[in-house]
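This report refers to the structure that appears directly beneath it.
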């Protein structure tokens, strides 16, 4: 089926131009610059989406590659963690369907989801089952992580020992113990060596004991010994960033990610929200100095990508102190408002790189159809945005079951108008 998207501002990490995109059977067939398309291109289209009909202003809407999230929590399978309610009254703080819909509403086309479910995703079979369910929904591409240890208990290796270097029914994009990096160095090292064997990066969350700076140094040293690829999740301090920067300068290849809430908020916001409740997140919101260091890291390339750490919780769980924020549906707008409109010297091309092309490369999609670029041959995973639209965050309207947003009540700029997955409209605002 041929779909035409015309009259858009096309933006990816290399492009910023007016133009149109022609999609054939879920793949970008042609990218045309300029304000018009030949009649023969239009006449055989099954669907035409005209940007002039979508914008709330005289500016054409922006069409970008759908975002790629390296770090999110789906809570499926299992009940919500730390629930203060009796078992008979418990409802999951998220399920696969609500998480996928929230991701699509946030402009995401690909999401890596963590293994801290109940039971934990600690085997290929469990990960493959969740991916199969996601593929059946067809809203986004989901890639479940496999934990490093069995049931994430830090005692013995998980099913990663059974993953062949190739030919498995499911190969995870990352391995991770989420926020529970093994405290036993020997076990952690053996797990990293398994990651090296199968060629999969380890996403290290570096909050063992709450000391991010020392934890980052620790995983780098272990990663050097194992010779594996290390990705450091949700970096939040200037000291950790400097350690990463120095490790790279000394020849150790590693990557890292920053989060919208650490880039846009500080410990003052946490105090206003309730530092032990609605403002609580791991790692915690930091100082303005740390926030500026993160922005600098985006500009100088120390930080490779922005991920959400989407962590939905029920109201009862947040009030009981569960850490984390729902992140999918405010990610782009918060970043656009703070980093692009806010004068952080980050333009839309750079933001697209951090949200799409760079994370796609980190997952090994750099030269595939899922490259996070607007190029012929790429999957038509696209998001359409009105960058002039202002809106107030109302978490009760989220598709996510987790209404725990630190941006609640704030006015943000940049609204997701539509998301396409493999050329099919999966979200429309």
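The values are calculated or read from the model by the stated rules, or taken from the named source; none is laboratory data. Predicted model, so just to flag it, every value in this text is computed and none were measured. Cβ coordinates were reconstructed from backbone atoms using ideal geometry, including for glycine residues, and neighbour counts include every protein chain displayed.
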Unique match (being at pLDDT 95 or above, touching a strand residue (DSSP E or B) at 6+ places or on another chain (Cβ under 9 Å) and within 23 Å of residue 333 (Cβ to Cβ)) among 110, 123: 110
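Being within 17 Å of the chain's Cα centre (by Cα) and surrounded by fewer than 18 Cβ atoms within 10 Å (Cβ to Cβ) is the filter here; which residues of segment 365-394 pass it? Let's see the steps before the verdict.
Step one: list which residues in segment 365-394 are within 17 Å of the chain's Cα centre (by Cα), which gives 365-366, 370-373, 381-383.
Of everything in segment 365-394, just one residue is within 17 Å of the chain's Cα centre (by Cα) and surrounded by fewer than 18 Cβ atoms within 10 Å (Cβ to Cβ), namely 366.
When the residues of segment 345-364 are narrowed to those that are over 19 Å from residue 20 (Cα atoms) and surrounded by fewer than 20 Cβ atoms within 10 Å (Cβ to Cβ), which ends up modelled with the lowest pLDDT? So that I can check it myself, show each step before the final result.
Residues of segment 345-364 over 19 Å from residue 20 (Cα atoms): 345-347, 350-351, 353-364.
Now restrict to residues that are surrounded by fewer than 20 Cβ atoms within 10 Å (Cβ to Cβ): 345, 347, 350, 361, 364.
Numbers: 345: 90, 347: 96, 350: 98, 361: 96, 364: 93.
Step by step, filter segment 345-364, then rank; the result is 345.
Matching residues to (1) more than 22 Å from residue 329 (Cβ to Cβ); (2) modelled with pLDDT of 95 or more; (3) in the same structural domain as residue 108 (by TED's automatic domain parsing); (4) surrounded by 14 or more Cβ atoms within 10 Å (Cβ to Cβ):
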site: 27; (1), (2), (3), (4): yes, yes, no, yes
site: 31; (1), (2), (3), (4): yes, yes, no, yes
site: 35; (1), (2), (3), (4): yes, no, no, no
site: 38; (1), (2), (3), (4): yes, no, no, no
site: 45; (1), (2), (3), (4): yes, no, no, yes
site: 48; (1), (2), (3), (4): yes, no, no, yes
site: 52; (1), (2), (3), (4): yes, no, no, no
site: 55; (1), (2), (3), (4): no, no, no, yes
site: 80; (1), (2), (3), (4): no, no, yes, yes
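Taking the conditions exactly as written (part of a loop (DSSP other than H, G, I, E, B) and modelled with pLDDT of 95 or more), does residue 303 satisfy them or not? Write out each step before concluding.
Details: part of a loop (DSSP other than H, G, I, E, B): yes; modelled with pLDDT of 95 or more: yes.
Yes: the conditions hold for residue 303.
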Out of all the residues in segment 397-427, which are under 18 Å from the mean Cα position of the chain (by Cα) and without any contact (Cβ under 8 Å) to a residue 60 or more places away in the chain? none
Number of the condition not met by residue 273 [criteria: (1) in a strand (DSSP E or B); (2) over 21 Å from the mean Cα position of the chain (by Cα)]: (1)
Flagged in segment 311-343 as surrounded by fewer than 18 Cβ atoms within 10 Å (Cβ to Cβ) and touching a residue at least 40 places away in the same chain (Cβ under 8 Å), in numbering order, are 315, 316, 319, 320, 321, 341
